[in-house]
Structures are given as structure tokens and as C-alpha cells.
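Reading through the C-alpha cells given below for one structure.
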Amino acid sequence: MQGTAVHLAAMHLSGALLLLTFLLPPTWALDGYASAYDNDVTHAGDPTADMPGLVLLLPALGCVCFHGLVQIPSGLLGTRLGRHRTARTDYVLALAVAGTLTFVLLCAVLGPAQAAVGAWPLWTELMARVALTLAAYVWLNRRLRTPPTARG
């Protein structure tokens, strides 16, 4: 029961950190928002050129999907595979799983041909976000699992 509580606490911390990283909007969201103003038919002051407010929630929806489909499985699998090893090994294994799952997710969303050719900037951006959050996941997981006397 304690192991489950530790993983839940680590997942919530890493999910909150991932959400905070999306305060800096992804490049694809900024590109989509800018493209609404780059056409010749409307100009920046035209209220019909504004994007619907719902589109601004798209990065938040992407964050939730990324958290559930990539971050949580990679954290769980990385710490499971790295059990009885160092925290650095846990982190590297979790990053390897996250990189693979991120590429599979991009292939599912963009199609395999497009993901293999043009999605590397998006993959790199997502991996930079998840690298920070998985570090917090592994750190908290190790911190809560290690008895206080062993921490030194």
C-alpha cells in the first residue's frame, strides 16, 4: 500500500510540474495561433480573425494526454526496471521509455511518415519537458521509499 501511495504522490508532483512547463506554450500552439493572423483576408484588428477560446485550451488537453500516455507509464516502468539500482539508472531507463513512447504517440497522431521526417523538433520539445518532470518523479520516488536512517 505504501508503494502505491509513493507512486501516486510522485505522479501528482510530476504531473503538476508538466502542467507548469506548459505555461510556456509549445511551439506548435504558438505557430497555430500566429497562423490565424498571417492570412491576407483578415488583419490583426478584425475580430473574425481571432481564434476560438477553446483552441487556447488545446495545449492543456495535450498536457493531460501526454501525462497519461507517456509520463506515467515511463515513470512506472523506469522505476520498476531500475529497482535495486541507482536513481540515475531509474532516470535513464524512464527517459528511454519516455522517448520511445513519445515517438509512438507522435506516429499515432501525425502518421509514421510525417513523424519520422518532420517531428523531431516536436519530439525534442516534449522530451525536454518530460526530462524535468521525470527527474522530479524519480527523486520523490527514491526519497519516499528510502528509510530516514538510510538517507544519512
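Values as computed for the structure displayed
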item	result
Compactness of the stretch 80-152 - radius of gyration and Dmax, Cα, Å	15.6, 53
Rounded accessible area of Arg85 (nearest 10 Å², 1.4 Å probe)	130
Within the stretch 72-152, chymotrypsin sites (Phe, Trp or Tyr not before Pro) in DSSP loop having at most 14 other beta-carbon neighbours inside 10 Å	none
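The values are calculated or read from the model by the stated rules, or taken from the named source; none is laboratory data. The structure displayed is predicted, hence computed values, not measured ones. Cβ coordinates were reconstructed from backbone atoms using ideal geometry, including for glycine residues, and neighbour counts include every protein chain displayed. SASA here: full protein model, heavy atoms, side chains in, ligands and nucleic acids out. Shrake-Rupley method; radii C 1.70, N 1.55, O 1.52, S 1.80 Å.
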